[in-house]
Structure formats: C-alpha cells, structure tokens
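See structure below.
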Amino acid sequence: MFLTTVRKRLPIRLRQNWKVLAVTAVGAVVAVTVFGNVVIRPTSTSTAAVSDAELITEDVEGAVDLFAADAAHEVTLSYSQEDYDEMLDAYFTEGEKEWMVADITIDGTTIDSVGIRLKGNSTLSSLVDDREGSATFGESAPGGIGGMGTGGGELPEGMPEMPEGMEMPEGMEPPEGMPEGMEMPEGGGGEGEAGFGVGIALSTDAPENLPLLVSFDEYQEGRAYQGMTQLSIRPSSSTYESSLNEAVALELTARSGQTTQQFSYTSYTVNDRPTTTRLVVESPDAQYADELEGESVLFKMLASGSFTYQGDDQTEYTDDFSQVNLIGSQDLQPVIAFLQWLDEASDEEFAAGLDERLDVEGFAEYLAFQELIGNIDTISGPGRNGYLSYDLGTGRISVISWDLNLAFGGMGAGPGAVASTAAPSGGEATDAESSAAASPPEGEMPDMAGMMGSENALVTRFQENSEFAALIDAASARLQKSLIASGDALGVVEEVAARIPVTEGLPQSTVDADADALREQLAAAE
C-alpha cells in the first residue's frame, strides 16, 4: 500500500519510464567509479549507428492527409483529470512543462498514449490557475517574458524606460512593474485576461484553448503519424482569435519561396469540453530536417537563449539551442564556431567573411519578409523564434522562421503593423498615407525587441552593414511587388478564411472580423 501511494506521487513520465531511469542510474554510478574526476565534453562527430529515417518503426497512415486544404479535419484529445492536474501542478509550482499521456483522434484515426505538454513562453503569460482546491488557485503563470503574466511581475533585465515624451495609445494600462507610460492593450492585464497582448485569455478550466505540443513517440518509441513525430496545436493571438494571421503568414512564407511549415485548421475537442477551432502546424522534427535541401543539422533557438559566444563547452548552450536531428553523429560545434567568429570579427572581417558562413541572400529575404508581415517575435524577438539549419555540404547556416502568431499586428498593434515600405533598412516609404499610418507618436520610438529584453548581434550587424542592408531593401521590394502589390496576399486571406471551420467556440462573425482586420493591415501596406 505504501509503495502504491509513493508511486502515485511520482510524475507520470517517471512512473512509465522507471526501468530506463534505473539502468541510467546504474550506468552513472559505474561511470563515476571508473572515470572519477575526468571531465567529459559532448563533442561527438562519429557516424550514428541509426539514421533519423530509421528511427520511425511505426508510421500511422491515417484516413486523410492532415494538411490537405480541401478536407474538413477533426482532432479530439482525451486524458484523465489526474494527469492533467499533475502537469499543471508542475508548471505552476516549478515552471516545468512536463509531458502527460493522452489519446488523440485525428480525422477518425485514434492513436493511444501520445505525449502532450504545454508549449510556449510569452503565449502562456496569460494562463491563470482556476482549479478550485489547487495549491496555486488564482495564481498567474510563472512563464512568459520576464515573468510578465497576468499578475504583473518584474521587467526583463535591461528593459529600458520609455523615452521622454513617448506615450502609449489611450486606454492602455501597464502591468505592475512596467515603465510609466508603457501600457497594456485594453482588456489585458487582469486576472483571467490576456497577458501583454500576446494571446487570448488562458484558463486551466478551458483546456481547449491551451497551446500544446503533441508527441507521437514520447511513450511509444519509433511511432509517427504521417511521417511526423510531433504536432503543434497553436494558440490564438490577442488580435486574431481564429489564428488567421498566422495561417496567412505561413502560406505567404511558402509563396515567397522560403522554408516554412505545413498547417491545417481543425475542429478541436478536449474531453467533454465544447468544440472549438484550432490551427495545427507541423513541428520541425528529425524527419522535417531530413527533407530540407542538402544534408542539414537543424537546431531550434530557445527563448531562454542569448545567441552569444560562451566558450567551447557545449554544455554551456543548453539554454540556447536544442538539436533536432543527427544526434550522435553531429553536434553544436558549427554554431558555436559561428558565434565565436561573430563575436570576434571586425566590421571588415564580418563583411568579407559572412557569405562563407551564412546564406546571406536567404537571410536578407528572411529579414525583409518578417518586416513585411510585421512580426516582432523573430530570432531577435522576445521568444527568439526560429531554427538554424547547418548545411553539411556548404558549411553555411540558414535561418528558418517559426511561430508567426504575432504577424500582422497579432500583438494588438492595430492597423499599420505590416511594413508599408520596400526599404526597411532606412529608405523612404513609397506610400505617404501608409507611412503616416505607421508613424510613431511624438518622441523617439523605442526598439520593441530591445524593450522586450532581447537582441541579436547577427541581425544588428547585418542591418548596419550598407551592402547587406541593400540586399534587405532589394528583397523587400521584390516581396512587396509579388505578394502585396499583386494582390496575392489578399487572395490568400480569402482562401484561408474560407477553410476555417465554424464551431461552438469560433462563430462565423469572429472569422469575418479577423478577415476584415487582416485586409485592413494589407491595405495599409500597399
């Protein structure tokens, strides 16, 4: 009886994997005994015994292609309240996003015992624990940018005060600890309300709204669904409850020729909760990396990272990057070498040597596109959203966009958030009215990424170099012409909006309002 009670108190992942952990513990004891004080650094470059493709031993086919645009999709999640409570307890008390077991049904095909966990940082800042009787009842999420959840919190270290004379729009109130004059969008900042304008209000009593990561192989090694080991259930933004802004941004990324992720809209039900509508996006995994051009190693940039050189010890970068594929045969060394070069190179060396290390034209296209869609949460934003792909053949790094839910004013920026100029690096706007719509209030406009406590030396140095800035300008002009001026972007809005399923949680009126708001954004950019 005692053992049973103790077992129930253990996290579910520990309960289900105790054998593996036991063997690991024994191995650790042996290693300590044999090697003593020897320091071991992970710098493996040997060939892996098993390729990423061979890691999938069961690929669930499903009845319908999940990303088929011409099909109506349904996703259902079911799990126990006990497991759900354990996951939430770990998050609210320790800030840990632990896995829990669930069953998922996708377009009629049920996959048992998948792993799910909370996903996001700033997105979760509005999450409130509404579970009566829980130890953290009524408390705001510990996550988010600098702890700025609905309950307030301190500003990120280094966040500057508002410039003199600079005021935020009328009707906005700051959360506790924010600089005087820096304010929240109307309706944000209270208990159960959206935090910092990043997403809709999140509550533990409404699990259908929570952003989640689904892992098909977390509890069954080698399993995938339609070639994917993971799937991301995306959050809504504070401006677009239907996530139309993110879906359109993903589609436009693809049409611009950049690497992106597939997406689909689904009717979504969690246990016996009301059905709502959610955007699901493929989560870059080893198989995703294998399909990239050339043979590449993929690294996810982490929100806790700094994108700075911290020495040659790879263990110092666990908060900065997560390797996605070719684990065991490749490692982080190419990225570390790039960061060291970036840190030490003079301006002349930077200009002359960057093309050997980075896909310069592709990076200019990336920066121009993020500017075009008004996305502030890039690799230099608060969430440091993005992936680095290191091509083993060319030895160059490319940047892949990720997490576009703040595109097109998704943070509540309103009309004019989309770039209205083909010269983001300093050229004059081609449309006076559009330029005026995006003009800052009186006083110097602060750098939003800097205000959120983030920076990126690569982005800064790239933009400050006249030759590279000219590449951004040229890419911006091309994108403006091909996507905005051509009317293609407006057509994408119509196409994607027509595919959004109307559910109890998302009425047609909301879809229509989001489409109107997005059209207004694009009209301001013409």
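One table, with the values for the structure above:
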| item | result |
| --- | --- |
| Where labels lie 7 Å past Cα in the beta-carbon direction, separation of GLN508 and ASP65 in nm | 2.9 |
| Distance histogram for segment 266-388 (every C-alpha pair counted, 5 angstrom bins, percent rounded to whole numbers) | 2, 9, 14, 18, 20, 16, 9, 5, 3, 2, 1, 0, 0 |
| Residue-level accessible surface for ARG273, protein heavy atoms, 1.4 Å, Å² | 80 |
| Where labels lie 7 Å past Cα in the beta-carbon direction, separation of THR308 and ASP355 in nm | 3.1 |
| Accessible surface of segment 324-380, 1.4 Å probe, proportion on carbon and sulfur as whole % | 44 |
| Viscosity 0.692 mPa s, temperature 37 °C, Stokes-Einstein D of segment 57-140 from Kirkwood C-alpha radius, µm²/s | 219 |
| Amide hydrogen neighbours beyond the local backbone of GLU74, cut-off 5 Å, H modeled | ASP107, SER267 |
| GLU58 versus ALA485: modelled label distance in nm, points set 7 Å from Cα along the beta carbon direction | 5.5 |
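The values are calculated or read from the model by the stated rules, or taken from the named source; none is laboratory data. Only a predicted model underlies this, so the values are computations on that prediction, with no experimental measurement involved. Because the Cβ atoms are built from the backbone with ideal geometry, glycine has one as well, and the counts that use them run over all protein chains shown. Just the protein is used for accessible areas: all its heavy atoms, side chains included, with ligands, DNA and RNA removed. Shrake-Rupley method; radii C 1.70, N 1.55, O 1.52, S 1.80 Å.
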